[in-house]
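Here's the structure, in structure tokens; my notes come after.
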Ligand code: RB5
């Protein structure tokens, strides 16, 4: 029986118009979507959702994470504060593939104000389906080492 992969999903208010459609798209692809919010109120703070999704990813409760805000940038900055998170903004199909293949990204960050819904969905699909290439491991280990050296 095929394993159903879980995806941690979070957005802020900027992605309100597209969030349900993106979730449906992921479900149609066969993923189980764990939705960590937007809270449903008028506006919210993207770090709250970035943190929840990143925590789920690094604790391996899910396969990978998807974060959407206005540009993807705030989400990536916040998510990357969580030890073990590699959250990358992707601005086209190539970067969606390369962050998985070369950078070992475990979270994709996208912008609802900088991409169409179809671009957002397609980038997520590519990111989720692309595997890490082990020949890049040494570089990721060096990033982990920098993380380990941080105080606190
Ligand atoms: C919210 O208006 C906006 O600042 C946020 O969605 C995001 O683009 C930040 O990086």
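Only the coordinates and a few stated rules stand behind these numbers; no lab work does. Fair warning: this is a prediction, and the values are worked out from it, not measured in the lab. Virtual Cβ from ideal backbone geometry, glycine too; neighbours counted across all protein chains shown.
When the residues of the range 6-22 are filtered to those that are touching a helix residue (DSSP H, G or I) at 6+ places or on another chain (Cβ under 7 Å) and part of a helix (DSSP H, G or I), which remaining residue is surrounded by the fewest Cβ atoms within 10 Å (Cβ to Cβ)? Result: 21.
For (1) more than 17 Å from residue 127 (Cα to Cα); (2) within 15 Å of the ligand (Cβ to nearest atom); (3) part of a helix (DSSP H, G or I), each residue gets a yes or a no:
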site: 38; (1), (2), (3): yes, yes, no
site: 44; (1), (2), (3): yes, yes, no
site: 56; (1), (2), (3): yes, no, yes
site: 62; (1), (2), (3): no, no, no
site: 67; (1), (2), (3): no, yes, no
site: 75; (1), (2), (3): no, yes, yes
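Of the residues in the range 109-121, none is over 9 Å from the mean Cα position of the chain (by Cα), within 25 Å of residue 150 (Cα to Cα) and not in a helix (DSSP H, G or I). Only a single criterion out of (1) surrounded by fewer than 21 Cβ atoms within 10 Å (Cβ to Cβ); (2) touching a helix residue (DSSP H, G or I) at 6+ places or on another chain (Cβ under 9 Å) is not satisfied by residue 73, namely (2).
Among the residues making up the range 78-100, those that are in contact (Cβ under 8 Å) with a residue 24 or more places away in the chain, surrounded by fewer than 17 Cβ atoms within 10 Å (Cβ to Cβ) and farther than 16 Å from residue 144 by Cα are 91, 92, 93, 97.
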